Amino acid sequence: MRGILVPIALALGVLPFVVSRPEPARAGTAVRMTLDESVAGADLVLEGRVLSKSCATASDGLIYTDYQVSVDRTFVGVDLPVRSVRLPGGMLPTGRGLMVPGVPELRVGEEVFLLLSEASSSGVRMVCGLSQGKYRIVRDARGARFAVRNSRGTTIVGDTPGNVQTAPGVEVVDYAEMVARLMRASHAAGEGR
């Protein structure tokens with residue numbers, strides 16, 4: 001069917017628009033996770049700045065994005081000064097892309113806390129709890145830092161039947177409090193391993 005649709009779309013001039021200007025993935029579904037649960041399930045938890053990103057296709061056809069991250073602090077995992085983080089999805093220079101609902105986008109230059117799964121055999125990681133595992137670090141007008149998590153559009157599934165709800169949206173946590181919470185959670189997770 002796809003082989004038929006592509007020539008028709010090209011003839012109508014629709015495909016270039018669809019491929020090069022996809023609608024952003026607006027929804028994902030994740031199990032509700034506390035910060036402690038996310039850290040306990042993570043293979044890598046870090047604070048850092050995104051230096052660069054590049055998209056490619058794996059041998060299995062999956063499109064992924066490699067992010068180079070300058071690491072300021074590692075809470076869980078091997079401490080390295082720079083990390084390559086490979087997440088599923090992205091847009092190739094050809095305009096072909098893959099959007100994975102719920103996987104947060106990382107932007108070059110942004111400072112983040114990331115809670116990441118173990119890498120697959122192809123090096124791809126998932127953000128723990130989808131949007132629940134990325135906090136952007138922002139500064140207010142006075143220079144005070146905060147960790148901001150944006151879960152808009154993510155459906156959260158609880159651990160009891162019928163407990164499904166849309167995530168509350170934006171969560172803002174004082175930077176020092178976030179660091180303390182991650183340190184406590186990583187220490188507790190380390191004791192349980």
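Every read-out reported here was derived from the displayed coordinates using simple, explicitly stated rules and does not represent laboratory data. These figures come from a predicted structure and were not determined experimentally.
Of note:
- Residues whose placed amide H lies under 5 Å from that of Phe75, excluding near-sequence neighbours: Val45, Leu46, Glu47
- Remark: the Arg96-Asp140 segment gains 12.1 nm on full extension, using 0.36 nm per residue and subtracting the alpha carbon distance.
- Extension gain, Asp36 back to Met183 (0.36 nm per residue minus Cα-Cα distance, nm): 51.9 nm
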